Amino acid sequence: MGVNLKRIHHVAYRCNDAKETVEFYQRVLGMTFVLAIAENEVPSTGAPDPYMHVFLDAGMGNVLAFFELPNSPEMGKDPNTPEWVQHIAFEVDGLDALLEAKESVEKAGLDVVGPTNHGIFKSIYFFDPNGHRLELAANTGTDKQMEELHRVAPNMLEEWSRTKRAPRHAAWLHEKD
């Protein structure tokens, strides 16, 4: 029967400074700060490890959360994973909204990469004060394109699993006109 999931309740990341992080997401992305939980012991393990856990509304019931852990070693990154791989992607309402967001983020003093064309969406990229890469994406794909991508996905995964080379089933996504 399996697990009957409703939706993602929240996604949690670590931050260097909870207050700075909340203020960044409020100022740069317009998120609402909805909840803070702080304890001196970890509820699931009982370990004596004070933390601040903050929750931000990313829209439509999506919640982004962060932990500040003052007694833990300094926050780090996986040195074997390129910085472009791990990121948090947010959807915006079309290309005009994406370009407006780029201008707004740049005015906030951040370096922005893009827009980058991914065939079925265009994105911009920048980093939060904790070094987490953020993506804002505007969907551009058609229903027909999405149906085709869904159709070929199992074959692409199977071929990748065997060869570890990019399958050509959806090469049209990044081919130049």
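Quick notes on this one:
- Virtual paramagnetic centre 7 Å along Cα→Cβ of Asn80, amide N under 17 Å, in the range 13-51: none
- Annotation: amide H of Tyr13 within the under-5 Å range of Ala65, Phe66, Phe67, sequence separation 5 or more or interchain, hydrogens built in the peptide plane.
- For the range 11-68, the percent of C-alpha pairs falling in each 10 Å distance bin, counted from 0 to the bin holding the largest distance, reads 24, 52, 19, 4.
- With neighbour counts taken as other beta-carbon atoms within 10 Å, the residues Glu68, Glu175 rank, fewest first, as Glu175, Glu68.
- Stokes-Einstein D (µm²/s) once Rh is taken as the Kirkwood radius of the range 85-168 over alpha-carbon pairs, at 4 °C in 1.567 mPa s: 89 µm²/s
- Footprinting exposure proxy ranking of Leu136, Leu29, fewest other C-beta atoms within 10 angstrom first, gives Leu29, Leu136.
- Backbone HN-Hα couplings from phi across the range 60-77 [Karplus 6.51/-1.76/1.60, Hz, Gly and Pro as x]: 6, x, 8, 10, 10, 10, 9, 10, 9, 10, x, 9, 8, x, 3, 4, x, 10
- Among the trypsin sites (Lys or Arg not before Pro) within the range 69-177, those in coil by DSSP and having at most 12 neighbouring Cβ atoms inside 10 Å are Lys77, Lys164, Arg165, Arg168, Lys176.
- Amide H partners (placed H, <5 Å) of Met52, local residues excluded: Glu68
- DSSP-defined antiparallel bridges as percent of all bridges, the range 1-121, nearest 5: 75 percent
- Ellipsoid semi-axes for the chain, based on the Cα gyration tensor and the rule √(5λ), read 33, 22, 17 Å when sorted largest first.
- Loop sites in the range 1-49: trypsin sites (Lys or Arg not before Pro), DSSP, at most 14 other Cβ within 10 Å: Lys6, Arg7
- Comparing Cα centroids, the range 34-108 and the range 112-177 end up 23 angstrom apart.
- For the range 69-177, applying the loop criterion from DSSP together with a ceiling of 10 other beta carbons within 10 Å to the chymotrypsin sites (Phe, Trp or Tyr not before Pro) yields Trp84.
- Within straight-line cross-link reach of Lys6, lysines at Cα separation under 19 Å, skipping those fewer than 8 residues along the same chain: none
- Partner lysines whose Cα lies under 28 Å from the Cα of Lys102, excluding those fewer than 8 positions away in the same chain, are identified as Lys19, Lys77, Lys122, Lys176.
- A simple count of charges around Val63, restricted to other residues whose Cβ falls under 12 Å of its Cβ and scoring Lys, Arg +1 and Asp, Glu -1, yields 0.
Only the coordinates and a few stated rules stand behind these numbers; no lab work does. Because the structure is a prediction, the values reported are computed rather than measured. Cβ sites come from the backbone with ideal geometry, for glycine too, and all protein chains shown count toward neighbours.
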